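S.K.: Structure incoming, see below.
The values are calculated or read from the model by the stated rules, or taken from the named source; none is laboratory data. None of the values given here were measured: they were computed from a predicted structure. In this analysis, Cβ positions are derived from the backbone assuming ideal geometry, glycine residues included, and neighbour counts consider all displayed protein chains. For the accessible areas, the whole protein counts, side chains as well, though only heavy atoms, and no ligand, DNA or RNA atoms are used. Shrake-Rupley method; radii C 1.70, N 1.55, O 1.52, S 1.80 Å.
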Amino acid sequence: MRMSKLFFQTLREVPADAEIVSHQLMLRTGMIRQIAAGIFDYLPLGLRVKQKIEAIFRDEMNAIEGQEVNLPVVHPAELWQRTGRWYEIGDDMARLKDRNGRELCLGMTHEELMADLAQQLVSSYRQMPFMLYQIQTKFRDEPRPRAGTIRVREFTMKDAYSFDLDFAGLDAFYPRIYQSYFNIFHRCGLEVVAVNSDTGMMGGTMAHEFMAITPIGEDTLLICDSCGYSANRQIATARKPQPPVAELLPIERVHTPGATTIAALAEFLNIAETETAKAVFLVAELAGENGKSREQFVFAVVRGDMELNETKLTNAIKARRVRPATVDEIHAVGAEAGYGSPVGIKRDQVLLIVDDLVAASPNLVAGANQVDWHLRNVNYARDYKADIVTDLVAAAEGDACPQCGAALRSVRGVEVGNIFKLGTKYSKAMGATYLDEKGESHPIVMGSYGIGSDRLMAVVAELHNDENGIQWPITIAPYQVSLVSLGTPKTPDVVEAAERIYRQLSDAGIEVLYDDRDERAGVKFNDADLLGIPIRLTVGGKGLKNGIVETKLRRTGAMSEIALDNLLVGVQALIRAELQAIDATLTEEKLV
RNA sequence: CGGGGAGUAGCGCAGGUUGGUAGCGCGUUUGGUUUGGGACCAAAAGGUCGCAGGUUCAAAUCCUGUCUCCCCGACCA
């Protein structure tokens with residue numbers, strides 16, 4: 001491609017709206033342009049990167065016998081109503097009506113349509129297993145798009161869906177897609193960690209997220225450097241300390257004026273925060289009769305020094321969502337904010353859920369459900385009983401790894417992919433069944449697997465750059481080689497040499513971005529750096545005199561020369577070396 | 001949805017308190033000189049100052065409303 005003809009413009013100044021590096025660089029390179037919050041144009045250079053990433057998706061999906069399809073962006077409401085998600089999902093789903101008033105939505109994901117497709121086409125066990133995928137636009141009306149193209153509303157996703165006879169089939173396929181995802185990320189030059197994740201509204205039994213570690217990440221992960229345990233904080237567990245062994249003492253009221261926080265309480269009574277119990281009041285939305293939801297007051301108890309993990313709680317009580325209770329709601333169940341106690345509440349109105357460590361700890365200090373009063377020596381079982389006792393606390397930096405006991409490390413990550421064992425939730429809802437050898441009907445067992453190409457592109461730019469611009473890995477760079485001609489009208493021999501080299505390399509199938517613009521050397525070098533083309537060739541008068549062109553690697557800054565009469569071989573060797581550096585990152589992965 | 005910030009030329013910004021014909025740098029166009037890390041000289045194009053009302057002889061500037069964008073949080077299938 002001749003840069004004199006390329007539709008692009010680089011910016012010297014950083015657009016004011018862009019805060020994170022990848023967003024700034026992609027705007028400055030002219031790869032993307034923002035249209036509205038979370039909605040972007042992709043210009044030729046940016047689109048090439050995106051398409052190269054998508055080519056890797058295809059390659060890896062095809063390698064595990066995936067078959068590409070293309071399902072619509074606009075979906076009839078009816079399909080989403082059958083699984084109930086039409087009602088469960090709120091404003092994140094963009095809804096519209098056609099001219100006849102029929103309700104439609106923009107696809108946020110495609111489980112419904114894929115299950116419907118299977119329902120139509122699959123009838124026999126002989127047809128399975130199989131896997132379908134597509135690379136296609138999704139729209140999610142996010143409440144707050146941010147971070148350039150990392151969190152957007154309209155995006156491109158490679159979503160794949162597996163269809164198996166039974167769970168054993170799904171379990172056998174799952175490690176293959178897991179490996180395939182690692183291959184994709186490594187081939188894009190991205191290091192990721194896989195973490196166990198919440199299955200959330202997708203339903204299902206097992207899920208992994210692939211996280212790129214970066215401070216701009218929106219998720220918090222807990223990682224064990226000792227044994228490799230890793231999990232999203234939403235579901236991470238930690239080995240809990242042994243509760244002390246003590247004789248149960250009689251319950252005792254104690255006056256604690258103004259001690260509404262655990263810290264104040266512990267200080268006032270001169271005890272450790274570990275000797276207190278903390279009450280958290282929430283209202284959960286639970287599934288009720290015939291698809292409707294009902295609200296339930298939830299009283300959660302964790303040890304005073306620990307934080308409640310709302311995702312764990314939500315999952316434990318199978319709620320759709322939870323919100324903080326209002327003061328009136330707290331009073332209505334006989335509790336008192338700041339002095340909450342599981343002892344003496346209106347037990348029939350409250351779903352009481354207690355962290356397992358609290359249940360095992362003797363003689364804790366809890367509230368008295370009365371302003372300025374607490375209770376000493378509150379003991380589970382003797383003084384109160386919960387509806388559920390389970391792990392409810394958020395794992396934190398320094399906690400003991402649940403597998404090996406070493407200290408956990410907390411880092412931020414961006415989710416660049418996820419894989420779910422869906423099970424039969426969608427196939428049952430859509431009636432996607434098959435007949436086995438005996439003629440018996442069974443629901444198809446599904447899995448769902450997603451990666452966003454635009455987010456992946458942004459994350460790679462976020463992690464591969466320096467003060468001069470992006471450093472694209474050669475596998476996804478818009479061009480492999482940047483050919484900088486320093487020729488001017490006064491040096492026609494240099495111009496001719498550059499033209500000849502451009503033809504030679506292009507004819508050999510090398511992707512060359514040829515800077516034939518009437519610009520000074522500095523402009524061309526700076527643009528080549530900014531755009532992040534991995535290999536730069538400089539054709540100038542000095543080099544030509546000596547029969548060479550100069551080379552520079554964007555990734556390392558390493559410079560060398562290639563003799564003109566050996567040019568093609570030399571450039572191919574550079575490309576091969578860059579590709580090998582990527583190949584060297586490919587690994588065999590075991591499920592964490 | 002709660003909190004904070006911002007909308008003036010393609011990009012970055014000034015002007016606003018004290019109302020009086022809208023400015024700077026980069027980029028763009030033309031001509032000339034230059035030409036190995038963002039050149040120089042000269043000329044030029046380009047803005048209903050987010051939008052709508054209001055106050056006023058007069059509004060980018062003051063008042064009211066509204067829309068949009070960014071950041072923090074809530075949310076995130």
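S.K.: Among the residues of the stretch A:189-201, is any in a helix (DSSP H, G or I) and modelled with pLDDT of 90 or more? Walk me through how you get there before you give the answer.
M.R.: To start, the set of residues in the stretch A:189-201 that are in a helix (DSSP H, G or I) comprises A:200-201.
Filter once more, keeping what is modelled with pLDDT of 90 or more: none.
No, that holds for no residue.
S.K.: Next question, about the same structure. Find all pairs meeting these conditions: Cβ atoms under 9 angstrom apart; at least six residues apart or on different chains; first residue within the stretch A:313-341 and over 13 Å from A:Phe297 (Cβ atoms); second residue hydroxyl-bearing (Ser, Thr, Tyr) and at pLDDT below 80.
M.R.: From the stretch A:313-341, the pairs are A:Asn315/A:Thr199; A:Arg320/A:Ser293.
S.K.: Where in the stretch A:53-122 are there strands (runs of 3 or more DSSP E), lying wholly inside it, with at least 3 residues that are closer than 30 Å to A:Pro473 by Cβ?
M.R.: Working: elements: A:66-68, A:74-76, A:95-97, A:103-106.
So the answer is A:66-68.
S.K.: Which of the following residues is farther than 28 Å from A:Ser230 by Cβ and assigned by TED's automatic domain parsing to the domain that holds A:Thr256: A:Ala360, A:Ala368?
M.R.: The conditions single out A:Ala368.
S.K.: Is there any pair linking a residue in the stretch A:23-39 that is more than 7 Å from RNA strand B (Cβ to nearest atom) to one that is among the hydroxyl-bearing types (Ser, Thr, Tyr) and part of a strand (DSSP E or B), with Cβ under 9 Å and at least six apart or on different chains, and which?
M.R.: Sorted first by the residue in the stretch A:23-39, then by its partner, the pairs are A:Met31/A:Tyr42; A:Ile32/A:Tyr42; A:Arg33/A:Tyr42.
S.K.: What's the number of the condition A:Ala55 fails, among (1) within 30 Å of A:Asp515 (Cα to Cα); (2) open to solvent by less than 20 Å² (accessible area, probe 1.4 Å); (3) small (Gly, Ala, Ser)?
M.R.: (2)
Residues are listed down the side, and each one gets a yes or a no for (1) under 19 Å from A:Ala236 (Cβ atoms); (2) free of Cβ contacts under 8 Å to residues at least 24 places away in the same chain; (3) assigned by TED's automatic domain parsing to the domain that holds A:Asp41:
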| residue | (1), (2), (3) |
| --- | --- |
| A:Ala396 | yes, no, no |
| A:Ala400 | yes, no, no |
| A:Glu415 | yes, no, yes |
| A:Ile419 | yes, no, yes |
| A:Lys425 | no, no, yes |
| A:Ala429 | no, no, yes |
| A:Tyr434 | no, no, yes |
| A:Met446 | no, no, yes |
| A:Leu456 | no, no, yes |
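S.K.: Another question, then. Going by what's in this entry, would A:Asp171 be described as acidic (Asp, Glu), assigned by TED's automatic domain parsing to the domain that holds A:Ala432 and more than 16 Å from RNA strand B (Cβ to nearest atom)?
M.R.: Numbers: acidic (Asp, Glu): yes; assigned by TED's automatic domain parsing to the domain that holds A:Ala432: yes; more than 16 Å from RNA strand B (Cβ to nearest atom): yes.
When the stated conditions are applied, A:Asp171 passes them.
S.K.: Which of the residues spanning the stretch A:461-483 are within 16 Å of RNA strand B (Cβ to nearest atom) and either farther than 18 Å from A:Gly509 by Cα or outside any strand (DSSP E or B) (or both)? Give the steps one after another, and end with the answer.
M.R.: Taking the stretch A:461-483 as the starting set, the residues that turn out to be within 16 Å of RNA strand B (Cβ to nearest atom) are A:461-462, A:465-472, A:481-483.
Those that are within 16 Å of RNA strand B (Cβ to nearest atom) and either farther than 18 Å from A:Gly509 by Cα or outside any strand (DSSP E or B) (or both): A:Ala461, A:Glu462, A:Asn465, A:Asp466, A:Glu467, A:Asn468, A:Gly469, A:Ile470, A:Gln471, A:Trp472.
S.K.: How many residues does the stretch A:65-118 contain that are among the charged types (D, E, K, R) and either within 13 Å of RNA strand B (Cβ to nearest atom) or open to solvent by less than 40 Å² (accessible area, probe 1.4 Å) (or both)? Spell out the reasoning first.
M.R.: Of the residues in the stretch A:65-118, the ones among the charged types (D, E, K, R) are A:65, A:68, A:78, A:82, A:85, A:88, A:91-92, A:95, A:97-99, A:102-103, A:111-112, A:116.
From what is left, the residues that are either within 13 Å of RNA strand B (Cβ to nearest atom) or open to solvent by less than 40 Å² (accessible area, probe 1.4 Å) (or both) are A:85, A:88, A:91-92, A:95, A:111-112, A:116.
Result for the stretch A:65-118: 8.
To keep it simple, each residue is scored yes or no on (1) closer than 30 Å to A:Met457 by Cβ; (2) of a type in the set (A, V, I, L, M, F, W, C).
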residue	(1), (2)
A:Trp472	yes, yes
A:Ile476	yes, yes
A:Thr488	no, no
A:Thr491	no, no
A:Ala497	no, yes
A:Gln504	no, no
A:Asp507	yes, no
A:Glu511	yes, no
A:Tyr514	yes, no
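S.K.: Can you name every residue in the stretch A:409-432 that is basic (Lys, Arg) and either within 16 Å of RNA strand B (Cβ to nearest atom) or in a strand (DSSP E or B) (or both)?
M.R.: Here is the first cut: in the stretch A:409-432, the ones basic (Lys, Arg) are A:409, A:412, A:421, A:425, A:428.
Answer for the stretch A:409-432, where residues must be basic (Lys, Arg) and either within 16 Å of RNA strand B (Cβ to nearest atom) or in a strand (DSSP E or B) (or both): A:Arg409, A:Arg412, A:Lys421, A:Lys425.
S.K.: For the stretch A:475-500, which positions are within 13 Å of A:Leu513 (Cβ to Cβ), hydrophobic (A, V, I, L, M, F, W, C) and in contact with a helix residue (DSSP H, G or I) (Cβ under 8 Å, 6 or more places away or on another chain)? Walk me through how you get there before you give the answer.
M.R.: Quick first cut of the stretch A:475-500, residues within 13 Å of A:Leu513 (Cβ to Cβ) only: A:477-485, A:498.
So of that shortlist, the ones also hydrophobic (A, V, I, L, M, F, W, C) come out as A:477, A:481, A:483-484, A:498.
Residues satisfying the conditions are A:Ala477, A:Val481, A:Leu483, A:Val484.
S.K.: Looking at the stretch A:397-411, is at least one residue of a type in the set (S, T, N, Q), at pLDDT below 90 and surrounded by 22 or more Cβ atoms within 10 Å (Cβ to Cβ)?
M.R.: no
S.K.: Return the residues of the stretch A:528-573 that are in a loop (DSSP other than H, G, I, E, B) and either more than 8 Å from RNA strand B (Cβ to nearest atom) or open to solvent by 30 Å² or more (accessible area, probe 1.4 Å) (or both); say none if nothing qualifies.
M.R.: Within the stretch A:528-573, A:Gly532, A:Ile533, A:Pro534, A:Asn546, A:Gly547, A:Arg554, A:Arg555, A:Thr556, A:Gly557, A:Ala558 meet the criteria.
S.K.: Being outside any helix (DSSP H, G or I), basic (Lys, Arg) and open to solvent by 40 Å² or more (accessible area, probe 1.4 Å) is the filter here, so list the residues in the stretch A:145-188 that pass it. Please lay out each step first, then the result.
M.R.: Kept after step one, since they are outside any helix (DSSP H, G or I), are these residues of the stretch A:145-188: A:145-166, A:188.
Now narrow it down to the ones that are basic (Lys, Arg): A:146, A:151, A:153, A:158.
Residues satisfying the conditions are A:Arg146, A:Arg151, A:Arg153.
S.K.: Only residues in the stretch A:231-246 that are assigned to a strand (DSSP E or B) count as the first member; pair them with residues that are among the acidic types (Asp, Glu) and modelled with pLDDT of 90 or more, Cβ under 7 angstrom, at least 6 apart or cross-chain, and list the lot.
M.R.: Between residues of the stretch A:231-246 that are assigned to a strand (DSSP E or B) and residues that are among the acidic types (Asp, Glu) and modelled with pLDDT of 90 or more, the close pairs are A:Asn232/A:Glu209.
S.K.: All but one of (1) modelled with pLDDT of 95 or more; (2) near RNA strand B (Cβ under 7 Å from one of its atoms); (3) over 37 Å from the mean Cα position of the chain (by Cα) hold for A:Lys490; which doesn't?
M.R.: Just one mismatch for A:Lys490, condition (1).
S.K.: Would you check if A:Leu435 is open to solvent by 30 Å² or more (accessible area, probe 1.4 Å), within 14 Å of RNA strand B (Cβ to nearest atom) and not hydroxyl-bearing (Ser, Thr, Tyr)? Break it down stepwise before answering.
M.R.: Details: open to solvent by 30 Å² or more (accessible area, probe 1.4 Å): yes; within 14 Å of RNA strand B (Cβ to nearest atom): no; not hydroxyl-bearing (Ser, Thr, Tyr): yes.
So A:Leu435 fails the test.
S.K.: What are the residues in the stretch A:1-46 that are in a helix (DSSP H, G or I), surrounded by fewer than 16 Cβ atoms within 10 Å (Cβ to Cβ) and within 23 Å of the chain's Cα centre (by Cα), if any? Please lay out each step first, then the result.
M.R.: Our first condition is that a residue be in a helix (DSSP H, G or I); within the stretch A:1-46, this holds for A:21-28, A:44-46.
Next, from what is left, pick out any that are surrounded by fewer than 16 Cβ atoms within 10 Å (Cβ to Cβ): A:44.
Selection gives nothing.
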